[in-house]
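Notes follow the structure.
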Amino acid sequence: MKQIYLDNASTTPVRPEVLEAMIPYFSGEFGNPSSIYPLGQRASKAVSQAREDIAALIGAKPQEVFFTSGGSEADNWALKGYARANRKRGTHIITTAIEHHAILHSCEALEREGFQVTYLPVGSDGLVDPQEFESAIREDTILASVMFANNEIGTIEPIARLAQIAKSHGVAFHTDAVQAFAHVPIDVDELGVDMLSASAHKLNGPKGVGMLYVRKGIRLENLIDGGQQERGKRATTENVPGIVGFAKAAQLAFGELEGETARQRELRDHAIRRILTEIPHAKLNGSWESRLANNVNFSFEFIEGEGMLLHLAARGICVSSGSACTSGSLDPSHVLIAIGLPHEIAHGSLRMTLGRDTSLDDVDFAIDSLKATLENLRAMSPLYEDYRNGRYEGILDAWKAKGIAHISE
Ligand SMILES: *Cc1c(COP(=O)(O)O)cnc(C)c1O
């Protein structure tokens with residue numbers, strides 16, 4: 001059976017060119033970058049080159065790029081490392097209700113250490129309001145962290161504006177750019193951010209490697225004490241093949257960014273339009289305008305997400321849902337709740353995220369399958385039966401009557 005992979009926000013396949021660039025560093029060029037003989041120095045050079053290449057892509061200096069084991073580690077380090085090193089200046093942090101758990105759980109850990117955290121709400125489109133952000137800044141605020149683009153609903157936040165507000169109040173600004181990196185142009189000076197997280201496996205690079213950009217002058221507690229790797233702030237022998245693969249993947253993706261995002265945006269809009277016109281009782285989640293080119297996220301009324309995913313999986317379609325049932329929790333996604341969806345609607349959610357390998361045929365096949373799946377599932381739904389018999393007023397029908405946008409015809 002053909003497999004159609006539409007879960008690129010979760011992870012992506014390593015590109016052949018990336019794998020090829022990595023392979024020598026597993027065996028022939030296996031040296032430790034800290035060794036002084038040529039075998040080690042060649043590995044050291046490969047790491048320096050990768051650091052320079054990634055820095056150049058985002059307008060940073062090589063000394064401002066710190067390699068990590070991935071996006072979660074970069075997020076943890078940015079928040080805990082900054083908060084602990086700057087505690088004397090204040091103990092208040094601002095973030096949002098829709099962050100990745102790497103940020104949210106780091107904030108909760110800091111709260112247990114005595115920090116106070118404001119979790120800003122977002123609008124029904126998933127956007128943070130800059131005015132609300134500014135109002136949340138207090139005398140003792142030292143750090144703000146707002147994600148560049150949301151991993152579930154794809155909403156792109158007004159990062160430059162927020163960073164500028166933070167700066168005018170002397171507050172350091174971090175952004176989790178794991179979903180945005182290589183999907184949206186990024187220049188750290190134009191954005192005005194102080195710290196930025198990225199992860200290779202979200203851009204057709206290897207798993208287990210990422211980075212934290214840290215602007216010169218920003219003080220962070222060391223993450224791992226030990227040797228002199230990463231300027232003594234994160235000891236442990238470098239993941240040389242991973243770092244080389246990350247830089248290669250980033251260079252390729254940044255080089256193709258404009259053409260590839262235009263291609264994906266067209267597929268995305270095709271998918272959104274098809275669902276809005278062909279599948280009743282559906283709502284697009286998140287802003288359509290300020291949205292990653294590869295993200296399609298819908299809620300379907302009278303549908304339970306797990307059943308939908310299992311039916312689609314049986315047809316070879318890899319997608320994910322907005323409910324967290326698979327992770328052993330019955331709570332729907334905190335992001336969908338934060339944009340105001342009631343639980344029963346949030347439970348019937350679907351995320352399709354396109355990638356470099358996604359074709360128009362893939363998208364059409366997935367939507368044809370989705371249509372058939374939803375018809376079958378709704379035919380078995382007692383609530384849908386009640387709706388059809390006029391015994392239940394649909395939530396989405398009521399919203400549509402109130403003029404709420406992007407609900408199917
Ligand atoms: C995937 C993801 C992470 C975690 O990255 P890992 O490299 O898997 O640790 C963090 N933030 C966002 C927004 C993500 O999408």
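Annotations
- The conditions of being part of a helix (DSSP H, G or I), surrounded by 23 or more Cβ atoms within 10 Å (Cβ to Cβ) and within 16 Å of the ligand (Cβ to nearest atom) are met by ALA250.
- Single residue of segment 189-205 satisfying the filter (under 21 Å from ARG219 (Cβ atoms) and over 11 Å from the mean Cα position of the chain (by Cα)) that is farthest from the ligand (Cβ to nearest atom): ASP189
- THR95 vs. criteria within 25 Å of SER287 (Cβ to Cβ), hydroxyl-bearing (Ser, Thr, Tyr), within 14 Å of the ligand (Cβ to nearest atom) and surrounded by 14 or more Cβ atoms within 10 Å (Cβ to Cβ): yes
- Sole residue being near the ligand (Cβ under 10 Å from one of its atoms), surrounded by fewer than 24 Cβ atoms within 10 Å (Cβ to Cβ) and small (Gly, Ala, Ser), chosen from GLY217, GLY208: GLY208
Residue-wise test of (1) in contact (Cβ under 8 Å) with a residue 40 or more places away in the chain; (2) in contact with a His (Cβ under 9 Å, 6 or more places away or on another chain).
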residue: THR11; (1), (2): yes, yes
residue: LEU39; (1), (2): no, no
residue: LEU57; (1), (2): yes, no
residue: LYS61; (1), (2): yes, no
residue: GLY71; (1), (2): yes, yes
residue: ALA74; (1), (2): yes, no
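- Among the conditions (1) open to solvent by 10 Å² or more (accessible area, probe 1.4 Å); (2) at negative phi; (3) not hydrophobic (A, V, I, L, M, F, W, C), GLY340 misses just one, which is (2).
Yes/no per residue for (1) within 16 Å of the ligand (Cβ to nearest atom); (2) free of Cβ contacts under 8 Å to residues at least 24 places away in the same chain:
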{"site": "GLU111", "(1), (2)": "no, yes"}
{"site": "VAL122", "(1), (2)": "yes, no"}
{"site": "ASP125", "(1), (2)": "no, no"}
{"site": "ASP140", "(1), (2)": "no, no"}
{"site": "PRO158", "(1), (2)": "no, no"}
{"site": "SER168", "(1), (2)": "no, yes"}
{"site": "GLN179", "(1), (2)": "yes, no"}
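- Counted residues, segment 7-23 - those being of a type outside the set (Val, Ile, Thr) and either on the phi > 0 side of the Ramachandran plot or open to solvent by 80 Å² or more (accessible area, probe 1.4 Å) (or both): 3
- Pick from segment 280-303, criterion of a type in the set (A, V, I, L, M) and either in contact with a Leu (Cβ under 6 Å, 6 or more places away or on another chain) or crowded, with 23+ Cβ neighbours inside 10 Å (or both), ranking: farthest from LEU341 (Cα to Cα): LEU292
- Hits in segment 91-106 - residues which are of a type outside the set (Asp, Glu), outside any strand (DSSP E or B) and either touching a residue at least 60 places away in the same chain (Cβ under 8 Å) or farther than 20 Å from SER199 by Cα (or both): THR91, ALA97, ILE98, HIS100, ALA102, ILE103, LEU104
- Filter result (open to solvent by less than 30 Å² (accessible area, probe 1.4 Å), under 15 Å from ARG234 (Cβ atoms) and in a loop (DSSP other than H, G, I, E, B)) within segment 24-78: PRO33, GLY70
- Selection over segment 254-270 of residues that are touching a helix residue (DSSP H, G or I) at 6+ places or on another chain (Cβ under 8 Å) and surrounded by 24 or more Cβ atoms within 10 Å (Cβ to Cβ) gives a count of 0.
The values are calculated or read from the model by the stated rules, or taken from the named source; none is laboratory data. Owing to the predicted nature of the structure, the values given are computational and were not obtained by experimental measurement. Methodologically, a virtual Cβ is constructed for each residue, glycine included, from the backbone with ideal geometry; neighbour enumeration extends over all protein chains shown. With ligands, DNA and RNA removed, areas are computed over all heavy atoms of the protein, side chains included. Shrake-Rupley method; radii C 1.70, N 1.55, O 1.52, S 1.80 Å.
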